[in-house]
Amino acid sequence: MSRTPLNHMDCSVAQTLDIVGEWWSLLILRNAFHGMRTFDAFQKQLEISSSVLSARLKKLTEAGVLKKVPCSEDKRSFEYRLTPAGMDLYPVLIGLMQWGEKWRPNDRGQRMLLLEKATGEPIHGAEVLANDGRPLKAWEVQPVAGPGADEHVYELIG
């Protein structure tokens with residue numbers, strides 16, 4: 001079953017989902033954030049078909065989220081590395097992980113802990129912050145139309 005592309009929608013969420021909104025893409029990114037770089041490693045760890053993996057890596061590469069570079073050990077092989085655009089998706093993945101740990105927990109405890117390398121201390125995770133650094137809830141944020149807004153944005157924010 002093919003997905004309907006969202007690239008026709010002038011919406012930042014839709015544009016992002018058009019690139020990373022398929023679950024395999026997010027799992028590939030999760031693995032890339034944990035240092036995975038090769039096709040074979042992604043395929044083995046995710047147990048994903050080579051055709052699906054190839055298509056997702058191609059889409060993420062074409063969108064500038066990953067870059068394909070020759071492998072340093074074997075110039076015939078390639079690695080997939082996160083670009084600056086890919087790195088900016090880290091809080092999104094952490095937010096999804098936090099949500100899953102809270103609302104779909106494992107009876108044995110947290111599946112993964114994230115620690116700051118320099119201190120060994122747990123990280124606090126992804127939050128929406130006020131200008132002064134205070135965490136904000138959704139009801140404390142007011143959306144307003146920006147200079148690029150169209151009629152759909154005005155309809156959405158009322």
*Any idea what the relative contact order of region 12-157 is, in percent, if you count C-alpha pairs under 8 Å spaced at least 6 apart?*
15
*Give a residue-ordered list of calculated ³J(HN,Hα) values for region 11-20 (Karplus: 6.51 cos²θ - 1.76 cosθ + 1.60, θ = phi - 60°; whole Hz; x for Gly, Pro).*
9, 5, 5, 4, 4, 5, 4, 4, 9, 10
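Treating only the Cβ of Lys, Arg, Asp and Glu as charged (+1, +1, -1, -1), what charge dipole size does region 12-157 show about its Cα centre? Round to the nearest 20 debye.
Values: 18 positive and 19 negative charges, 136 e Å.
In total the dipole reaches around 660 debye.
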*By the gyration tensor of its Cα atoms, with a ≥ b ≥ c the square roots of the eigenvalues, what is the shape of the chain: rounded for a/c under 1.5, prolate for a/b over b/c, or oblate?*
oblate
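Please calculate how many Å² of accessible area the chain carries per residue, with a 1.4 Å probe and no DNA, RNA or ligand atoms counted.
Numbers: 11950 Å² over 158 residues.
I get 76 Å² per residue for the chain.
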_Using θ = phi - 60° and Karplus 6.51 cos²θ - 1.76 cosθ + 1.60, couplings along region 118-135 (whole Hz; Gly, Pro as x)_ = 5, 10, x, 7, x, 7, 8, x, 8, 9, 8, 10, 6, 4, 8, x, 6, x
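With the full set of protein chains in place, find how many percent of the accessible area of region 1-99 is carbon and sulfur; take the probe as 1.4 Å. Show your work: numbers first, answer last.
On the way: 3730 of 6410 Å².
Here it works out to 58 percent.
How big is D for region 12-69, in µm² s⁻¹ as a whole number, if Stokes-Einstein is applied with the Kirkwood radius of its Cα pairs at 20 °C and 1.002 mPa s?
Details: Rh = 11.5 Å.
Rounded, D is 187 µm²/s.
The values are calculated or read from the model by the stated rules, or taken from the named source; none is laboratory data. For clarity, every value in this text was computed on a predicted model and none was experimentally measured. Every residue, glycine as well, gets a Cβ built from its backbone with ideal geometry; the counts of neighbours run over all protein chains shown. Note: areas computed on protein heavy atoms with side chains; ligands, DNA, RNA excluded. Shrake-Rupley method; radii C 1.70, N 1.55, O 1.52, S 1.80 Å.
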